[in-house]
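What follows draws every value from the coordinates through simple rules; no lab data is involved. Just so you know, these numbers come straight off a predicted model, no measurement behind them. Cβ sites come from the backbone with ideal geometry, for glycine too, and all protein chains shown count toward neighbours.
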DNA sequence: CCGTGTTGTTTGTTATAACAAACAACAAAA
DNA sequence: TTTTGTTGTTTGTTATAACAAACAACACGG
């Protein structure tokens, strides 16, 4: 028997809290270094501290939040060294994902979808809509990684992106425009379509490396990353 | 002022619970598929369910425990496909770690320590002491990975090992003895000492791949891994 | 014999209160 | 003025109880 009824599922409060915190982090809506106290978050969510505690525990376990003194959760402030480490791991993982993606056959629809997203990104950049651009940018990358058919790999990469989250808002539109002289995105996609694994990996690695190089230049003498001045 | 007093630090209960569960998983002391209920674990630890809940939440977030229906935590039962995926990610990460290790200078003491561990492993295998062997084996691998000086990389690799934990007890001494015709461990260590990055990576990858190939052979028709019969 | 509704038990979820450690502000003594 | 001790507040930790959803066993009616 088939009906038009939708599946009922109630998500626990701590799951909702986790999702909200996760998105906020990924969007860089928290100033790095901020301490997140349980009671404050609980008040924001309008719940008791129990589900908030679960959400924070999960985020700390994922390495998205650092645990400061007395096990308090703080929004990580990436140093230049940590950014460099993150870049190494991301290159290893995302490079491999691109490689695996190139080794497999895919639907024409998949490719078309990604190409459409690329042109959408192009127009968003010209319109200086950074927020929307980053959203599409993220989906494009993970669209490629999903083509590897290795869920574990995608999951692990997602974790690394989450760790980059707090400094993601440091990216300024000017940089993205500047960089688009050489578009590694389209190159990577073409390589995957052609089944050129080595090329696909190289393009993704280049994309990650160049972005990291730009962000690394934002570090001050102490190695802490600083938000660029918006002109 | 310097005294002989040691630093006092009290670890929270949920931290202790997490460590115990973690070690048990890593040693493969839980049958894959086991459901771990909060109240059962709480009784084992002699605490309330609150700290246990934190520990389990953390393990689930790390992907070490799967969450079954009604968010219950179950010891994952790896399929052949999942093992293959795990192998791909491990090769990417651990291969890179070995490569980075080879690119740096290290103390002679570090090398000597690892060599001693290798000979220790040799004797443990001959004595068929699998439990102790695996312990040293783990420390040897992570000794190498630590030489990469990339904490994030080590942390991520540790996560992958944790996920392999439940099936680690499937390894039988005979296999380890058999395999030692070609010792990738000493070869990798030598490559790192010589600064041969490509070789170091290749040896580690070979080590991982061969072990995975052995474990993959233990899968039944459904793809589920099965504990080998001990003769 | 099979399907259905009921009931009791199990188990994760959430709120709450008591607790203890850490921190900050302030006061007292050198 | 600087240091030290005290006190009040903040904040993570833990236990406990009430709750609700899911599951299993059982009884009833076809």
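A few remarks follow.
- The distance separating the Cα centre of segment B:163-214 from that of segment A:182-202 comes to 32 Å.
- Ellipticity at 222 nm from helices only: DSSP H runs of n ≥ 4 in the protein assembly as shown, each -39500 (n - 2.57), divided by the residue count, give -21500 deg cm²/dmol.
- Cα shape, segment A:1-132, gyration tensor, a/c 1.5 rule: oblate
- Spacing of the two label points (7 Å from each Cα toward its C-beta) at residue A:186 and residue A:71, in nm: 5.3 nm
- When A:18, B:106 are arranged by Cβ crowding within 10 Å, least crowded first, meaning fewest neighbours, the order is B:106, A:18.
- Residue order, fewest to most surrounding Cβ atoms within 10 angstrom, among A:11, A:100: A:11, A:100
- By the beta-carbon count within 10 Å of each Cβ, the least crowded to most crowded order of B:182, B:14, fewest first, is B:182, B:14.
- Counts of other chain beta carbons within 10 angstrom of each beta carbon in peptide B:48-55 average 2.
- Remark: mean inter-chain Cβ contacts per residue of B:85-92 equal 6, using a 10 Å Cβ-Cβ cutoff to other protein chain atoms.
- Extended-chain gain in nm, criterion 0.36 nm per residue less alpha-carbon gap, residue A:210 and residue A:129: 27.1 nm
- Mean-position separation - Cα centroids, segment A:29-86 and segment B:78-93, in angstrom: 30 Å
- Label point of residue B:37 (7 Å along Cα→beta-carbon): distances to the other copies' equivalent points are 3.8 nm, sorted ascending.
- 7 Å along Cα→Cβ, label-point gaps from residue A:68 to other copies, nm, shortest first: 4.0
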